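Novice: Please read through the structure below; I'll follow up with questions.
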Amino acid sequence: TAFDYARTSKQPLTTNNLAFLNFLRNKKKTVLTILSLGVCGVLLMASSAYFNSIDPEEMARRSFPYGEIRLELGDYGPQSHNSEQYVELQKSNLLTDDFITSIKNIHGVQGVKAYQGTVLNVRMPTGDIEPIVSDAYTRSSQKLIEQYLIDGTADLQELLKNNGIIIENGPQWKETFGWDAAIGDELLIEVGGQTLEVKVMGIVDANIPYGGYDTLFIPLEMLSKIVPIENLNYQFIVDTDDSKWAAAKDEIQKIIPPTSSLYVSTLNDWVEAYNEKLLNYRMPVYIFVMFIGVFGIINLLNTLITNILTRKRELGVLQAVGLSSKQLSKMLLIEGLFYTLGVLLLSISCGTLIGYLLCTVFSAMSIFGKVSYHFPTVEMFSYFILMLAVQMLFSYLAIRQIKKQSLVDQIRELS
């Protein structure tokens with residue numbers, strides 16, 4: 001007790017010393033209380049660190065590496081059509097050289113990048129047949145593909161000689177088709193009654209800043225043989241001045257025929273979509289963390305209240321020998337702060353480690369692109385303020401309750 005401490009210690013009996021003594025009175029209960037709140041803090045910090053480290057604009061930039069406005073042939077782009085439908089659309093393709101010139105004449109437009117390709121029905125080694133947007137591989141894109149190649153070859157002549165294609169190492173092959181894509185695997189391309197056997201000869205990193213659809217690359221010469229269409233453009237990316245993209249988008253939509261199948265989207269549209277997607281992931285996690293936090297706070301309050309109830313006689317004696325209400329309030333607040341500091345140390349140490357590991361692992365898996373760790377300052381500060389508010393409220397209510405009882409009754413209680 002405080003009196004035992006006063007007899008054995010050479011240090012003065014201050015409110016700080018009393019608070020620390022009470023904090024360590026029941027070490028097992030103290031540790032369990034800190035752990036119950038610490039788990040909440042660790043989960044909050046780790047999840048917040050991961051979500052805060054995801055940059056929606058950087059994610060959107062993967063699809064807009066060379067501009068801010070995207071025009072795609074198709075009702076909602078090529079991915080919304082099967083191969084036969086898309087080939088028909090490309091026969092009356094609106095994405096022409098003349099259209100590029102019209103776009104370049106719009107104020108604020110700095111350039112237009114065109115992507116060639118089409119939708120191909122691809123039979124996987126597993127037997128699944130899926131329409132896949134396939135890019136025409138040309139000499140102009142070879143340098144970039146070689147830079148991000150992780151296996152095989154990107155040499156155009158080698159691909160043409162062996163009916164070779166290049167695919168990205170995205171998770172869709174395994175998750176959707178159950179196919180562990182590997183060099184040497186053979187696929188069958190079917191378009192308009194024609195078929196072509198091709199071989200996977202290169203695998204490229206899914207984080208390649210290509211734009212367009214970088215799922216499958218097939219040499220243009222091979223593609224032209226099975227899809228004999230003069231204009232294989234399927235997408236334009238329009239580069240604009242940063243402050244003029246909205247006006248440029250409006251002008252582009254004015255020159256698009258009303259009945260045309262052109263889908264227009266912007267970098268901002270994609271950023272907003274990613275933000276909404278992240279919110280859908282974030283909210284269930286935060287609700288779960290709050291659920292755990294409520295039980296942690298209840299456990300903390302239970303510990304503090306129990307400490308007060310079992311020490312009423314001791315507190316009454318201390319007040320009788322000169323402990324003021326202000327000092328008592330300070331002692332209770334400092335005692336609560338020891339719990340808060342313990343929780344914060346546990347949250348920051350373990351939460352930082354787990355948050356960093358989450359960012360490293362998910363970045364390598366390319367679920368949300370490259371993720372760089374960011375400390376969740378706002379979330380941890382809010383958590384600290386919440387705990388501090390709970391401590392202050394408890395201190396205030398405890399003092400009010402103690403004041404309602406006379407010192408004589410407090411000293412008699414539990415005697």
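Novice: Quick one: 3J(HN,Hα) in Hz for segment 234-251, Karplus 6.51/-1.76/1.60 with θ = phi - 60°, rounded, Gly and Pro as x.
Specialist: Each residue of segment 234-251 in turn: 10, 7, 10, 10, 9, 8, 10, 4, 4, 8, 10, 5, 5, 5, 5, 4, 4, 5 Hz.
Novice: What chymotrypsin sites (Phe, Trp or Tyr not before Pro) does segment 131-211 have in DSSP loop regions with at most 11 other beta carbons within 10 Å? It would help to have the intermediate numbers written out before the result.
Specialist: Details: sites: Tyr137, Tyr148, Trp173, Phe177, Trp179, Tyr210; in loops: Tyr148, Trp179, Tyr210.
Counting only loop positions with at most 11 other Cβ atoms within 10 Å, none of the chymotrypsin sites (Phe, Trp or Tyr not before Pro) in segment 131-211 qualifies.
Novice: Treat each spin label as a single point 7 Å out from the Cα along the C-beta direction, and report the Lys29 to Leu144 distance in nm.
Specialist: 6.6 nm
Novice: Go through 156-168, 87-99 and give me the packing order, highest mean Cβ count within 10 Å leading. Let's see the in-between values first.
Specialist: Working: 156-168: 18.8, 87-99: 15.4.
Packing proxy ranking, top to bottom: 156-168, 87-99.
Novice: At 7 Å along the Cα-to-beta-carbon direction for both Lys326 and Ala246, put a label point, then send me their distance in nm to one decimal.
Specialist: Using points 7 Å along Cα→Cβ, the separation is 5.6 nm.
Novice: Residue separation times 0.36 nm, minus the C-alpha to C-alpha distance between Ser349 and Glu130: what's the value? Write down the numbers at each step before the final one.
Specialist: On the way: separation 219, 0.36 × 219 = 78.84 nm, distance 4.73 nm.
My answer for the length gained is 74.1 nm.
Novice: So how far apart, in nm, are the two label points at Ser260 and Glu57 if each is 7 Å from Cα heading toward Cβ?
Specialist: A separation of 3.0 nm, rounded to one decimal place.
Novice: Moving on. I'd like the FRET efficiency for Thr195 and Asn302, computed as 1/(1 + (r/R0)^6) with the beta carbon distance as r and R0 of 45 Å, rounded to 0.05.
Specialist: 0.05
Novice: Using a 10 Å cut-off on Cβ atoms, rank the peptides 213-221, 274-282 from the highest mean neighbour count down.
Specialist: Most protected by this proxy first, the peptides run 213-221, 274-282.
Novice: So which of Lys104/Lys249; Lys104/Lys225; Lys29/Lys326 end up more than 21 Å apart by C-alpha?
Specialist: The pairs that break the limit, which is 21 Å between Cα atoms, are Lys104/Lys225; Lys29/Lys326.
Novice: Given a Förster distance of 35 angstrom, what is the FRET efficiency for Asn105 paired with Glu221, based on the Cβ-Cβ distance and rounded to 0.05?
Specialist: 0.60
Only the coordinates and a few stated rules stand behind these numbers; no lab work does. Every value quoted in this text rests on a predicted model; they were computed, and no experiment measured them. Counting neighbours? That spans all protein chains shown, and the Cβs are built from the backbone with ideal geometry, glycine included.
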